[in-house]
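Below is one structure, written out as structure tokens; comments come after it.
Coordinate-derived values only; no laboratory data. Not measured: the values here are computed from a predicted model. For neighbour counting, all protein chains shown are included, and Cβ atoms are generated from backbone atoms with ideal geometry for every residue, glycine included.
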Amino acid sequence: MRVMITGGGTGGHTSPAVAILEELRRRDPGLLARWVGRSGGLEERVSASVEVSFRGLPVEGWPRSTSPRMVWTLAKLGWSMARAAMLLRSFRPQAVIGVGGYVSLPLVWTAQHMGFPTFLHEQ
């Protein structure tokens, strides 16, 4: 099975991702998985610890107050969606699993619009 998992930022999102990956590996030892998250984020370190290939997106959280930074955040979101489309086309997952956090948006939204099966696990 080919699976892409996305989410992170906190342990509350990465822990379920690890549990899902471990269970999928138990059921299918030939599992091919990719973790897509924020470049330099917690999820990048966690993916290495569970031996899952990581791909980074430049996405960042929405500013809490109105500021010119919102324009930059929207640009990063657009770039993240374009990068997500490239990753989806090259890996061709059978499922995309989102576990929460703002980093999930670009991959899950793009996967849905490209017709890939998507699953959400939000705690």
How long is segment 68-123 along each principal axis, judged by its Cα atoms, biggest number first, in Å?
38, 29, 14
With the contact rule set at Cα under 8 Å and sequence spacing of 6 or more, what percent relative contact order holds for segment 24-123?
21 percent
Karplus couplings for segment 86-95 from phi (6.51 cos²θ - 1.76 cosθ + 1.60, θ = phi - 60°), rounded to Hz, Gly and Pro as x?
5, 5, 5, 5, 7, 8, 6, x, 7, 8
What dipole magnitude, in Debye to the nearest 20, does the chain give about its Cα centre under +1 on Lys/Arg Cβ and -1 on Asp/Glu Cβ?
320 debye
Karplus-derived 3J(HN,Hα), 6.51/-1.76/1.60, for each residue of segment 11-20, Hz, glycine and proline x
x, x, 9, 6, 4, x, 4, 4, 4, 5
Fewest to most Cβ atoms within 10 Å: HIS113, HIS121, HIS13 sort as HIS113, HIS121, HIS13
Can you give the calculated 222 nm mean residue ellipticity of the chain, where each DSSP H run of n ≥ 4 adds -39,500 (n - 2.57) and the sum is split over every residue, rounded to the nearest 500 deg cm²/dmol?
-15500 deg cm²/dmol
Amide H contacts of PHE119 (H built 1.01 Å from N, under 5 Å, at least 5 apart or other chain)
VAL96, ILE97, GLY98
Taking +1 at the Cβ of each Lys and Arg and -1 at the Cβ of each Asp and Glu, which of GLY78, PRO117, LEU21 sits farthest along the dipole of the chain towards its positive end, judged by Cα position relative to the Cα centre?
GLY78
Take the alpha carbon atoms of segment 97-119, find their center, do the same for segment 1-67, and report the distance between the two centers in whole angstrom.
12 Å
